[in-house]
1. Counting just the residues of the stretch B:382-419 that are more than 21 Å from residue B:349 (Cβ to Cβ) and either of a type in the set (Asp, Glu) or not assigned by TED's automatic domain parsing to the domain that holds residue B:441 (or both), which one comes out surrounded by the fewest Cβ atoms within 10 Å (Cβ to Cβ)?
2. Looking at the stretch B:173-282, what strands (runs of 3 or more DSSP E) fall wholly within it and have at least 2 residues that are surrounded by fewer than 18 Cβ atoms within 10 Å (Cβ to Cβ)?
3. How many of the residues in the stretch B:370-405 are among the aliphatic types (A, V, I, L, M) and away from chain A (no Cβ under 14 Å)?
4. Report yes if residue B:165 is part of a helix (DSSP H, G or I), in contact (Cβ under 8 Å) with a residue 40 or more places away in the chain, small (Gly, Ala, Ser) and buried (at least 19 other Cβ atoms within 10 Å of the Cβ), otherwise no.
5. So, restricting to strands (runs of 3 or more DSSP E) that lie completely within the stretch A:1-80, which ones have at least 1 residues that are modelled with pLDDT under 90 and buried (at least 18 other Cβ atoms within 10 Å of the Cβ)?
6. Can you work out which of the residues in the stretch B:283-335 that are more than 26 Å from residue B:346 (Cβ to Cβ) and of a type in the set (Gly, Ala, Ser) is surrounded by the fewest Cβ atoms within 10 Å (Cβ to Cβ)?
7. Give the residue that is surrounded by the most Cβ atoms within 10 Å (Cβ to Cβ), with candidates limited to residues of the stretch B:62-92 that are in a helix (DSSP H, G or I) and of a type in the set (S, T, N, Q).
8. Filter the stretch B:93-114 down to the residues that are touching a residue at least 40 places away in the same chain (Cβ under 8 Å), surrounded by fewer than 19 Cβ atoms within 10 Å (Cβ to Cβ) and outside any helix (DSSP H, G or I) and list them by number.
Amino acid sequence: MPLDIRIQKDVGDQAARVVTVKLAGSLDTATAPELEKQLAPLLAGSTKDIVFDLAELKFISSAGLRVFATTRKTLKERDGQASFVHMQPQIQEVFEIMRSLPGVAVFKSVAELDRYLAVRQRSHLQND
Amino acid sequence: MKSLSDCRVLLVDDAKPNLDILVEGLKGDHKLSVAMNGETALQIAARTPPDLVLLDIVMPGMDGYEVCRRLRRMPETADVPIMFLSSLEEVQNKTRGFEAGANDYLTKPFEMLEVKARVRSLLKAKAYSDAVKEQIATELRVAREIQMGMLPHDFTPFEEAYGVSFGAALEPAREVGGDLYGVCAAAPDRLVMFVGDVSGKGIPASMFMVRAISLARLLARESAEPERILARLNDELSAENPSGMFVTFLCAVFEPTSRRLMLANAGHCRPVLLSADEPPRWAVKNLGTALGFETGLEFERTDLTLRPGDTLILYSDGVSEAFNPQEECYGNDRLLAGVGGLANESAAAITASLLGNVRAFANSAPQSDDLAILVVQVNGGSRLTLTLPATPEDVMRGVEALQAFATAQHVPEKAIFGLALALEECASNIVNHALKRDAGKTFQVAFERTRDSFIVELRDDGPEFDPTGISPSPSKTADDDEPGGWGIALARRNTDEIHYRRDVSRNTLRLTKRLVPASGDE
């Protein structure tokens, strides 16, 4: 199963800071390098928050978790974080292994995520 | 036949005047090589093998007798005519010359006319024997082609019609041999297989073999039971058998619908039965009497019910009685031990392994007997083996194959996800670390659905590596981004048992996930 990656710079005032990455398919040993490659420019830039939308993700292995883990670390160093939304139950179980790491946030719905991001964006603006 | 003027004569003498006379006398008739001592003569003979050697006896260094003995030991000159030309005229000297391997002896001084006459005579005799040998070799080659043509080569029609798969090998010790095997589609639900070994080797054995195989094919269609086939075959072969030859014979009849296997033995090596999770065992106990001695014999029958994936190994004593250079016999113990780990392999792989084992054991010892192997395997409805190149893409091909296979086996979706994840993690480990993503290397995955569990087996020939030794450490310090151990932790979490084994040069990792018994799907 291939992996489909859609990167979307969010609309709104803080456009450059929150990026949504929609993943569909299988994030595994064969496809993880491609995600890593596509995330590289974001991590090299000033992006602080990345939201991974996993609604269509069917399979994930430790190779995929590893990409999330390095992304999380880079973002955390610049005071940002990696958020995950719409996690399917089977993905959630695998994800348990890194869920409690700092700089990781999991949301059930977009509404929940939006409320949280709004608060974060305000605090970013104040800090800047 | 080579013309006499194309024949090369090697002249060996330490006295130049003698050589000059010979060269002068023979140069118009033949090609010549010349040596003035024994060592040089041997070197020339090895480089440009002559058709005839004229050899002096008394020479400084190596004498003519020794040169003659050494020429006989060299493959290039083992059959070349050798004539001594010597001033030694005692009968003891001549006798010694013939004992060293010479074909003729002429005393000096000689008449050139006589030398020329004898040279022509020896060369003609050699050319005639060469021509006869070549003709025999040609006929043997054709005989071998005919004989090999009698054996089944394409097993596909049998495999498709009867739900089995085959592996086979036949290696005669000479050009033609007395070992045989055969497969016969006797009826829609009756597949007859046999393997035999005619006493003796070479042409007589091969002719008897052809007679046995032709009769066996006919009789397999007429009788439903293997013991009847053997009894009738024995009557036919014994009735007119003036040369007193005999054949050991093992006959197997398989009925795919019920998976019943009937076996009858006429003095042949006992076949081996391979089942998953069981040590290899003999499929029949009794040996029985070989065919061809006397009419009216009866044979015993053994009935077995095979399971999907079971394998029957038929072979001849070229396997069990192969010898190594120390003259030790391969033997039944090595045979059983050698196929012990192969229950999950394909029929072709089992054949290749067994043949490889025997060859490795025999080392460089010449093959002492004909060797035949016929392996038949009941298709495993619940087992699948794949050999994959060591790339991440092929890991995922394996994962997808597992998903398709487990779905077809009615494994619950949640269990499939866990198994797929465990396979991905373990296979990635092998590919990335043991095999270093070398696409030229391969690893194997096998899936098996048993009554109450699903088993995934991974095999690779990489360096010894036991992933079960890694402690799962998801609770590393909070900011640690080195997620080592995540893979094996996930594999553990999604299976019930992980077992690692190292055999000689091979890693085997066996993952087991328990399932509710297969009666009802979840």
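The values are calculated or read from the model by the stated rules, or taken from the named source; none is laboratory data. Keep in mind the model is a prediction, meaning the values are calculated, not measured. Note that each Cβ is placed from the backbone with ideal geometry, even for glycine, and that neighbours are counted across all protein chains shown.
1. That would be B:413.
2. Qualifying strands (runs of 3 or more DSSP E): B:179-187.
3. Of the residues in the stretch B:370-405, 9 are among the aliphatic types (A, V, I, L, M) and away from chain A (no Cβ under 14 Å).
4. no
5. A:18-27, A:49-60
6. B:296
7. Only one residue tops the list, namely B:77.
8. Passing the criteria: only B:108.
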